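See below for the structure under consideration.
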Amino acid sequence: MLAHKSDNRIVVGPSEPVEPEERGLNSYTLTVLFTAIMGGLVFGLDIGTTAVLSMDYFRTAMEIPIMQPGAEDSIDVTNQLSLFAVLFHVSSLVGAPFAGQISDKYGRKLVIIIAATLFLAGAVWQSCAGLISQDFAWASILLGRVVGGFGNGFILTIMPVYASELSPAKYRGQTVTFFQLSITAGIFIMALANNFLDEFVWGWRLAFVLQAFPCALILILALVVLPESPRYLLLVDKEESARVALNKLAKGCPNQTAIVDAEVSAAMEEIERIKSVEEGTFLDLFRGEGYAPFLCGFMVALSQNVTGVNWFMNYATTIFDSLGYNKFAMDLVLKSLNMVATIAAIFVVEKGGRKFLTVWGTLSVIVIFSLVALVIVATGVDVFSTTGDSQTSSVQLFTMIMIFIFQIVFAISWGPLGWIVPGEVFPMRLRGKGMAMCVVANMLTNIALGDYGFQALKVATSLQFTVFILVVMNVVIVLTTVVFLQPETKGVSLEDMRHVFAYERGGSEQRGTMSQFFKKNWIQTLRILSFRGNDPKTEILLMENENIVSSI
Ligand code: BGC
């Protein structure tokens with residue numbers, strides 16, 4: 001039997017590729033990953049903070065008319081309040097590309113420090129709004145939104161990348177799922193806290209203080225504990241420092257030296273390749289090796305919110321209220337389901353496969369909304385009616401249960417995968433910039449659907465119509481993305497990802513054409529639908545194994 005050492009793999013015989021042991025989790029690695037995961041908590045807490053807009057004490061402090069029971073805000077007030085979320089998201093969208101540029105050029109750690117500082121400054125500034133002069137209270141809040149939003153763009157760009165690069169390969173999907181779990185935890189914590197904070201004059205200030213805590217912790221840990229990403233260190237010729245960091249991350253493994261050597265040599269192989277080409281620019285995402293991962297990452301990030309999730313995250317209280325249920329209680333149920341189901345995702349994300357989960361997740365979402373639309377049309381009831389008969393009540397109950405089921409499906413599929421896929425598909429030289437563009441996509445759909453979409457539809461139409469729009473958007477945008485643009489990436493190391501995305505416009509000697517890329521993804525979809533799995537990792541190993549054998 002022939003045994004060869006090929007980069008970080010031992011190849012035994014022609015058809016038996018064997019992976020060497022990988023890093024495990026020690027307390028240092030756990031601290032590092034914990035810090036990255038906390039980035040999600042910060043974002044989630046901010047999503048939940050939007051509820052301060054309905055607090056009486058906040059409105060009094062901002063000189064905004066208080067909401068009267070049963071009445072709606074005037075258009076002017078609605079427009080004024082919408083700036084709160086929109087400015088934050090626009091600022092995140094603008095900040096993300098800067099984070100991408102800085103992280104590829106000056107390292108991941110610096111971006112984490114800037115991110116936490118900006119978010120912290122924004123949160124503290126907002127919590128103090130109006131203390132010095134009441135006249136500038138609202139302006140202060142908006143300025144805080146801009147500063148904090150910039151930090152948020154930095155956090156969302158860097159944390160999934162940093163977590164992907166520092167996590168042991170076999171836990172990469174789970175680590176980024178924890179990132180999503182902490183987003184959902186942040187949303188849930190705020191939903192709980194808001195009910196309580198609502199009662200106090202300074203309640204809304206405390207809501208912002210709550211955001212500041214995890215941020216301060218990230219900053220302290222970044223300054224004291226976090227290592228620079230070893231992959232980045234190797235890229236800038238700092239092999240010794242990379243080895244020091246990797247040794248800490250691999251400490252306690254029985255074959256520590258071999259593991260560190262294997263990680264260094266795998267990364268170096270990609271770095272050698274990178275060095276023969278120029279430094280990556282944002283334009284490189286639209287050509288050559290950057291294009292296929294960009295299409296995949298960008299569209300997956302965009303599709304996450306196109307599923308319709310933020311119509312329920314942001315407006316569940318309005319919807320449940322209109323449906324005739326206790327809005328706060330049901331909103332809490334929805335948000336706890338979101339969090340608990342994300343815990344389930346941790347167990348399935350590595351086993352099930354990325355594409356497997358998005359394909360089945362999307363089909364389930366389409367079925368869920370189609371059923372709601374069908375029942376509404378078939379019964380002809382007005383689901384928002386408050387004086388309905390028993391048939392109306394049944395349809396309302398059915399709609400609410402379907403919204404809950406949607407949330408569970410989202411949490412197991414699109415929630416984590418909307419971050420995992422963008423964080424892992426880009427080649428090293430474009431990783432920061434690629435992820436930044438994915439954050440731009442996420443923020444665009446957050447603004448279009450979360451901040452404005454539901455409001456606009458609610459004014460113009462009814463829930464009935466909204467459900468139809470959701471079905472169409474999911475079929476046209478989300479389904480197309482998962483079927484044609486997303487290949488299975490389960491178990492593939494970051495260095496090997498280039499084999500999965502070895503396609504470019506027009507094709508070349510080493511790369512297939514884009515139509516071959518779409519076709520491969522389509523075939524993988526068919527395999528998923530017929531319950532035959534896709535195993536890209538073994539495919540790559542066998543491919544390389546064959547090369548080695550043929551060269552013997
Ligand atoms: C999405 C948010 C969404 C949240 C819900 C996140 O991954 O980016 O838009 O509100 O999940 O859990």
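The values are calculated or read from the model by the stated rules, or taken from the named source; none is laboratory data. Please read these numbers as outputs of a predicted model, since none were measured by experiment. Quick reminder, even Gly has a Cβ in these numbers, built from the backbone with ideal geometry, and neighbours come from all protein chains shown. SASA here: full protein model, heavy atoms, side chains in, ligands and nucleic acids out. Shrake-Rupley method; radii C 1.70, N 1.55, O 1.52, S 1.80 Å.
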Stretched out fully, how many nm does the piece from Ala329 to Arg527 gain, at 0.36 nm a residue minus the Cα gap?
-> 67.1 nm
For the range 61-127, with all protein chains present and a 1.4 Å probe, just round the carbon and sulfur fraction of the accessible area to a whole percent.
-> 69 percent
Got a number for carbon plus sulfur as a percent of the range 348-455's accessible area, 1.4 Å probe?
-> 72 percent
Between the range 502-528 and the range 344-399, what is the C-alpha centre distance in whole Å?
-> 33 Å
The chain, dipole about Cα centre (Lys/Arg Cβ +1, Asp/Glu Cβ -1), debye to the nearest 20 = 500 debye
Report the percentage of all Cα-Cα pairs in the range 118-203 whose separation exceeds 18 Å, rounded to a whole percent.
-> 61 percent
Would you list the membrane-span-like helices of the chain, meaning whole DSSP H runs whose alpha-carbon atoms span at least 30 Å along their axis and whose mean Kyte-Doolittle value is at least -0.5?
-> 27-49, 75-106, 137-166, 172-197, 203-224, 327-352, 354-379, 390-412
What FRET efficiency do you get for Ala258 and Phe465 if R0 is 45 Å and r is their Cβ-Cβ distance, rounded to the nearest 0.05?
-> 0.15
Calculated diffusion of the range 66-152, Stokes-Einstein form, Kirkwood radius summed over Cα pairs, 37 °C and 0.692 mPa s, µm²/s | 229 µm²/s
Before rounding to the nearest 500, sum -39500 (n - 2.57) across all DSSP H runs of length at least 4 in the chain and divide by the residue total; then give [θ] at 222 nm in deg cm²/dmol.
-> -23500 deg cm²/dmol
So the carbon and sulfur contribution to the accessible area of the range 208-345, 1.4 Å probe, in percent, is 64 percent
Additional length obtainable on full extension of the chain from Asp237 to Phe213, 0.36 nm per residue less Cα span | 5.1 nm
For Val264, what is the net charge nearby, where nearby means another residue's Cβ is under 9 Å from its Cβ and Lys, Arg count +1, Asp, Glu -1?
-> -2
For the chain, taking Cα atoms only, what is the radius of gyration to one decimal and the Dmax to the nearest whole Å?
-> 24.2, 81
Taking a 29 Å limit on the Cα-Cα distance, which of the listed pairs Lys109/Lys519; Lys251/Lys355; Lys170/Lys238; Lys109/Lys490 fall beyond it?
-> Lys109/Lys519; Lys251/Lys355
As a percent rounded to 5, the proportion of antiparallel DSSP bridges among beta bridges in the chain is 90 percent
Taking a probe of 1.4 Å, how large is the accessible area per residue of the chain, in Å²?
-> 40 Å²
Between the DSSP loop rule and a limit of at most 15 other Cβ atoms within 10 Å, which GluC sites (Glu not before Pro) in the range 224-314 are left?
-> Glu278, Glu279
With the 8 Å Cα cutoff and a minimum separation of six or more residues, the chain has a relative contact order in percent of 21 percent
With a cut-off of 19 Å, note down the residues of the range 484-502 whose backbone N falls inside the zone around a label point 7 Å from the Cα of Lys351 toward its beta carbon.
-> 489-492
Within the range 145-177, which residues have the backbone N less than 12 Å from the label spot 7 Å out from Leu83 along Cα→beta-carbon, could you tell me?
-> 145-146
Under 5 Å from the placed amide H of Gly512, counting only residues 5+ away or on other chains, we find Tyr503, Glu504
May I ask you to list the residues of the range 128-147 whose amide nitrogen lies under 16 Å from a point 7 Å from Cα along the Cα→beta-carbon direction of Trp202?
-> 128-132
